[in-house]
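Asks: Got a structure for you, written out below as structure tokens; questions coming shortly.
The values are calculated or read from the model by the stated rules, or taken from the named source; none is laboratory data. Worth saying up front: this structure is predicted, and the values here are computed from it rather than measured. Cβ atoms come from the backbone with ideal geometry, glycine included; neighbour counts cover every protein chain shown. Calculation scope for accessible area: heavy atoms of the full protein, side chains included, ligands and nucleic acids excluded. Shrake-Rupley method; radii C 1.70, N 1.55, O 1.52, S 1.80 Å.
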Amino acid sequence: MSLTQQLFLTLREKILSQQLLVGSRLPASRILAKDLGVSRNTVNSVYEQLRAEGYVNSREGSGFYISEQLPQFDRSPHIAKGKPVQDWPPLSDYGHQLLKRSGGHGSKPKDIANLPFSVGLPDFQAFPIKIWQQLIRRHSDRPVLMGYHSYQGYAPLRNALADYLNVSRGLKCRPEQIVITQGAQQGLALCAQLLMNPGDTALVEEPGYSGARKALISNGINLQAVTHGDNGINIGALSEGEYRLLCCTPTHQYPMGGILTASERLQLLQWAERNRCWIVEDDYDSEFHYYSQPIAAMAGMAERTPVIYMGSFSKTLLPGLRLGYLVVPEHLVGVFVEAKAFSGGETPLLTQAVVADFIEEGHFYRHLRRSRKLYQQKWEHMQRLCEKHLAGIMTPVAQSAGMHLALVFNHQQVDDRKVCQEFAMKGFGGSPLSSYYHSSRSQKGLVLGFANTSEGERVKGIKTLSQLL
Ligand SMILES: Cc1ncc(COP(=O)(O)O)c(C=O)c1O
């Protein structure tokens, strides 16, 4: 900070904390300047600023005095630090709930979210950073990307996405149906706000994505868990009833990896039609299948079904981009765009323009092909390591390929949360399988992200885990 700023803040602090008393006179500028070894101009400009902001008054010919109008209580910023929580104005009920649940910290500390085996990270080293930088340079000085643009999303990105989704994910959508979001998480929050009322019941997969549960709960929605069948959500366990929304991952169940058969997917669509229930199809990482080619999304299987398709670039590019998308029925585009305008507003334009060209020029498809191959090798390596070091202790769920491996403890008494805490202390991430459950009927195990690990980290990590267990 400049000397002027430093002196201003110091004097203001002394006035607010009443170290300089109301009505007292500030030292003459000539003397203070000499004492501090600064120019008299510096002191004069600080006194003028204090006067302009109302902290001091000037009296003709006799200097500056601390204002009599300042109310008498300690307003110094430092007292806020020690203030007991109950002395602050109250939070909303929702704020209280979150405070209680998170203990006042954000949900996942950054250092745990980005360790080897932390779930959901793509391989940062494999990201084509040079091409990305070229595209950023291409767009960074375009005035059209510097202002406000469109809540729905940058049109060239929606065009490129519609092509990708129709060709690679089997959808039949038009660019006009796409709403770009700040990650899937914003998409989920919009669905929760627009498709349900507080107090309604939503169905969620068990085990399933905690981000979906949180988005629903935070909008006052009750959850009912649907159990897991052989291939993912147990269609036979779906009862007929007053459900407004079902959130699911039909082409790559999260985190167990199963794929619903075509017949199960059609039954699910029929159930939704019959019960007038929305389905949010979360297509988070369906590009990464190793037993077969990627399976087309359920949203493309039948026209005019109540499916909201949700995608994200968090796995296919980088989670740090915070870029996702919804494909919604045409009659709902307006209302989704309006709600997005109220919660979060526009999505950063430069990122959208770069991703549009990245897809349009073929880099996205190449990156997906390479990543699929790379992750398959890493997955096979993980399987070998688990067979060698964890046999008899944990059993890998073979289908849970993609970017993570789910492992179930052979003895279900093991406390998987404690194992994760101890594994984190050794420098490794991963999530307890029980944290993917809404009800208390959880299976105990671990979910280990492998896409962003090196060979050495995998070897060291699995050996460490084996010793720990
Ligand atoms: C099942 C599932 N859906 C969606 C997402 C993507 O969320 P976002 O786009 O908000 O990063 C994730 C990320 O971990 C996920 O695991």
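Asks: Might you tell me the accessible area per residue for the chain, computed with a 1.4 Å probe and given in Å²?
Replies: I get 49 Å² per residue for the chain.
Asks: Could you work out the relative contact order of the chain? I mean the mean sequence separation of Cα pairs under 8 Å and 6+ apart, divided by the number of residues, in percent.
Replies: 18
Asks: Another question about this same structure. About the Cα centre of segment 143-362, what is the dipole size in debye to 20, counting +1 per Lys and Arg Cβ and -1 per Asp and Glu Cβ, all else neutral?
Replies: 260
Asks: At q = 0.33 Å⁻¹, what log₁₀ I(q)/I(0) does segment 413-461 have when each alpha carbon counts as one equal point scatterer in the Debye sum?
Replies: -1.23
Asks: Right, another one. Just the number: Rg to Rh for segment 3-66, Cα atoms, Kirkwood Rh, two decimals.
Replies: 0.92
Asks: Counting other Cβ atoms within 10 Å, which chymotrypsin sites (Phe, Trp or Tyr not before Pro) in segment 138-194 have at most 11 and lie in a DSSP loop?
Replies: Here the chymotrypsin sites (Phe, Trp or Tyr not before Pro) that fit, given the DSSP loop and packing criteria, are TYR148.
Asks: Roughly how many debye, to the nearest 20, is the charge dipole of segment 270-374 about its Cα centre, given +1 on each Lys and Arg Cβ, -1 on each Asp and Glu Cβ, and no other charges?
Replies: 380
Asks: Leaving out ligands, DNA and RNA but keeping every protein chain, what accessible area does VAL459 have, in Å² rounded to the nearest 10, with a 1.4 Å probe?
Replies: So the heavy atoms of VAL459 present about 40 Å² to solvent.
Asks: While we're looking at this one, here's another question. Just round it to a whole percent: the fraction of Cα-Cα distances in segment 143-362 exceeding 30 Å.
Replies: 18
Asks: At most 11 other Cβ atoms within 10 Å and a DSSP loop assignment: could you name the chymotrypsin sites (Phe, Trp or Tyr not before Pro) in segment 249-308 that fit?
Replies: Details: sites: TRP271, TRP278, TYR284, PHE288, TYR290, TYR291; in loops: TYR284, PHE288, TYR290, TYR291.
Passing sites in segment 249-308 are TYR291.
Asks: Further question: Please tell me which of these pairs span more than 21 angstrom C-alpha to C-alpha: LYS172/LYS315; LYS130/LYS315; LYS418/LYS444; LYS14/LYS83; LYS418/LYS463? Numbers along the way, then the final one.
Replies: Working: LYS172/LYS315 23 Å; LYS130/LYS315 19 Å; LYS418/LYS444 11 Å; LYS14/LYS83 19 Å; LYS418/LYS463 18 Å.
LYS172/LYS315, as the Cα separations exceed 21 Å there.
Asks: OK, next. Note down the magnitude of the dipole of the chain about its Cα centre, charges +1 on Lys and Arg C-beta and -1 on Asp and Glu C-beta and zero elsewhere, to the nearest 20 debye.
Replies: 1320
Asks: Further question: Any idea which of PHE450, SER435, PRO250 is furthest toward the positive side of the dipole for the chain, if Lys and Arg beta-carbons carry +1 and Asp and Glu beta-carbons -1?
Replies: Looking along the dipole axis, the top candidate is PHE450.
Asks: Charges on Cβ only, +1 for Lys and Arg, -1 for Asp and Glu, centred on the Cα centroid of the chain; of ILE235, ALA262, ALA401, which one is farthest towards the dipole's positive end?
Replies: Final value for the positive-end residue is ALA401.
Asks: How about segment 297-353: which trypsin sites (Lys or Arg not before Pro) there lie in a loop by DSSP and see at most 10 other Cβ atoms within 10 Å? Intermediate values should be presented prior to the final figure.
Replies: On the way: sites: ARG304, LYS315, ARG322, LYS340; in loops: ARG304, LYS315, ARG322.
Counting only loop positions with at most 10 other Cβ atoms within 10 Å, the trypsin sites (Lys or Arg not before Pro) in segment 297-353 are ARG304.
Asks: Picking from GLY199, THR4, ALA162, whose Cα lies most toward the positive end of the charge dipole for the chain (charges on Cβ: Lys, Arg +1; Asp, Glu -1)?
Replies: Selected residue: THR4.
Asks: A further question on this structure: Angle between the Cα long axis of helix 93-102 and the longest principal axis of the chain, 0 to 90 degrees, nearest 10?
Replies: Rounded to the nearest ten degrees, it is 80.
Asks: Determine, at each q value in 0.14, 0.16, 0.24 (inverse angstroms), the log₁₀ of I(q)/I(0) that the Debye formula gives when each Cα of segment 366-468 is one equal point scatterer.
Replies: Log10 I(q)/I(0), no solvent term: -0.52, -0.67, -1.39.
Asks: In whole Å, what three semi-axes, largest first, describe the equivalent ellipsoid of the chain built from its Cα gyration tensor (square root of 5 times each eigenvalue)?
Replies: Working through the eigenvalues yields semi-axes of 51, 28, 25 Å.
Asks: Right, next: Expressed as a whole percentage, what fraction of the accessible surface of the chain belongs to carbon and sulfur atoms when a 1.4 Å probe is rolled over the protein heavy atoms?
Replies: C and S fraction of accessible area: 52 percent.
Asks: Something else about it: Between segment 193-264 and segment 329-378, how far is it from one alpha carbon centroid to the other, in angstrom?
Replies: Segment 193-264 and segment 329-378 have Cα centres separated by 24 Å.
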